Structure formats: structure tokens, C-alpha cells
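The values are calculated or read from the model by the stated rules, or taken from the named source; none is laboratory data. The structure displayed is predicted, hence computed values, not measured ones. No Cβ is skipped: glycine too gets one built from the backbone with ideal geometry, and neighbour counts run over all protein chains shown. Surface accessibility is based on the protein's heavy atoms, side chains included, excluding ligands, DNA and RNA. Shrake-Rupley method; radii C 1.70, N 1.55, O 1.52, S 1.80 Å.
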Amino acid sequence: MGDNFEVYTKINKRPGVNYTALVPNTKGLETAIKAGVKEVAVFGAASETFTKKNINCTIKESLGRFKEVVDEAKKHDIRIRGYVSCVMGCPYEGDVAPQKVDEVAGELFSMGCYEVSLGDTIGVGTPEKTHALMSNIRSVPVENVAVHFHDTYDKAIENILIALSYGVSVVDSSVAGLGGCPYAKKAAGNVCTENVLLALQELGISHGVDLRQLSETGNHISRILKRDSQSLLE
């Protein structure tokens, strides 16, 4: 995250697009403010061990830090999005209770995050786990819930469709399936945007995205990175 300032200040920004910066603490927020960021994100987790190893504190301590970030961001009219990692499982603790996810998500929403994204960080989610998770999210209105699935075991699309059936309408995704998690057992990024849009299209859900241009963009990035695109588009 050390080059966030340089990246944000040098990219061309299009009207109507949110450009969000991850800020782990108030120091990161100060940098974001200097860069002119209008939206920031804080990342929590539903696993004590993951939180300890990732940011060296307990869940309770992490929420206290995030509250400081949120309060300061509000003073500058900056929107805040919250994320909860390890909602389906933890690389250290195994299964994570949906009730714990709801507790952390509720704390983020209560402190002022306009939306909370539930992240299957290591991609171990299944349809059964997704049903259990969504049916236990009670502390955040569904219109303020997003989902974030990694496609480690090729279950992301199926899990997303289940989340949609509960009323979720925001899905995090990545062009060409870029990204990944160092804790996943194989190199799998966030679910591929092109594939999510194809699934929505098959359901008759309008998305307003030019799939041809998106596919060309994904292929272009993949060539530069010398990796295969995860897109199913021809």
C-alpha cells in the first residue's frame, strides 16, 4: 500500500466512478485526504487469529482503530466502506460462525460504514455455507450488504447467485479474475467480473456493461502480467 498516493494521484478518473482507497489506520487516512480521496475502505475480519496475524491486534482492538478512521473521515465528507474477511473460513481457525460475521459487520455498519462487504477470503465458501451466512446477517440491512468471493474452488458464481436470492445487489469482482490471497491453497483471485456478468445476463439481469470492451481490457492486462485470464468469454 506504500504507493497508494502515487497511484491515486496519477490515474485518470472518470465521472461517476468510485475510486476507493484502503486505509488501515488514521495515518493511512491522512495520506488519502492529501491525495483527494473521496471514499475509503477499512478491512476487518471475523477471525481472531487472522486479525492478530494480519494487523497484530484483536478484533475488538481493530474495531476501535476503524472507529477512529471513520470518525475522522466523516469530518472530511469522505464515504467509508467496510469489509469483513474470513466470513466462510479462516486459514488458521477453520470454519467461522456466521453469528461472529454478523457481529463484526454490525459494528462496522453502526460506526458509519455505508456498506459492508462480506469476504470469503480463502475461497472455501459453498452453497450451504452461503445460505447459513446470509440467513444470519441481521445487523446490517440487506441493501447495505455486498459480497466478495474468491474463486479458489470454482464455487464463487454459485455462491453469488445464492446471495442475490437473499436480496444482495452488490458484488465485488475483478477483471480477468486478477488478484488472490496468500492464504489460499492455490492461486485464485477474486471472482472474474466477466463471468459474473455472464451469469447475470443468463438470468436476464441488466448490468449495462460492454462485455466486448471488458473482455479486451481483461485480455490486455493478462498479457502484460503474463498470466491467463479466468474469463469464459470467447
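Give all pairs with beta carbons closer than 9 Å in which a residue from region 16-30 that is in contact (Cβ under 8 Å) with a residue 24 or more places away in the chain and closer than 20 Å to LEU63 by Cβ meets a residue that is among the basic types (Lys, Arg) and outside any loop (DSSP other than H, G, I, E, B); count only pairs at least 6 apart in sequence or on separate chains.
THR20/ARG79; THR20/ARG81; PRO24/ARG65; ASN25/ARG65; THR26/ARG65
In this structure, is VAL17 touching a helix residue (DSSP H, G or I) at 6+ places or on another chain (Cβ under 8 Å) and of a type in the set (A, V, I, L, M, F, W, C)?
no
From the list VAL175, VAL140, VAL196, exactly one residue is over 13 Å from the mean Cα position of the chain (by Cα), among the β-branched types (Val, Ile, Thr) and open to solvent by 20 Å² or more (accessible area, probe 1.4 Å). Which is it?
Selected residue: VAL175, the only one of VAL175, VAL140, VAL196 that is over 13 Å from the mean Cα position of the chain (by Cα), among the β-branched types (Val, Ile, Thr) and open to solvent by 20 Å² or more (accessible area, probe 1.4 Å).
Give, as residue ranges, the strands (runs of 3 or more DSSP E) completely inside region 22-140 that count at least 2 residues that are among the small types (Gly, Ala, Ser) and in contact with a helix residue (DSSP H, G or I) (Cβ under 8 Å, 6 or more places away or on another chain).
Per the criteria, 39-45, 79-85.
Among (1) open to solvent by less than 20 Å² (accessible area, probe 1.4 Å); (2) aliphatic (A, V, I, L, M); (3) over 21 Å from ARG81 (Cα atoms), which single condition is ILE160 missing?
All conditions are met except number (3).
Please go through region 223-234 and give me each residue that is surrounded by fewer than 19 Cβ atoms within 10 Å (Cβ to Cβ) and at pLDDT below 95, ordered by number.
Kept after step one, since they are surrounded by fewer than 19 Cβ atoms within 10 Å (Cβ to Cβ), are these residues of region 223-234: 223-228, 232-234.
Within region 223-234, LEU225, LYS226, ARG227, ASP228, LEU232, LEU233, GLU234 meet the criteria.
Failed condition for ALA146, given (1) open to solvent by 20 Å² or more (accessible area, probe 1.4 Å); (2) under 28 Å from ALA105 (Cα atoms), with all others met?
Among (1) open to solvent by 20 Å² or more (accessible area, probe 1.4 Å); (2) under 28 Å from ALA105 (Cα atoms), ALA146 violates only (1).
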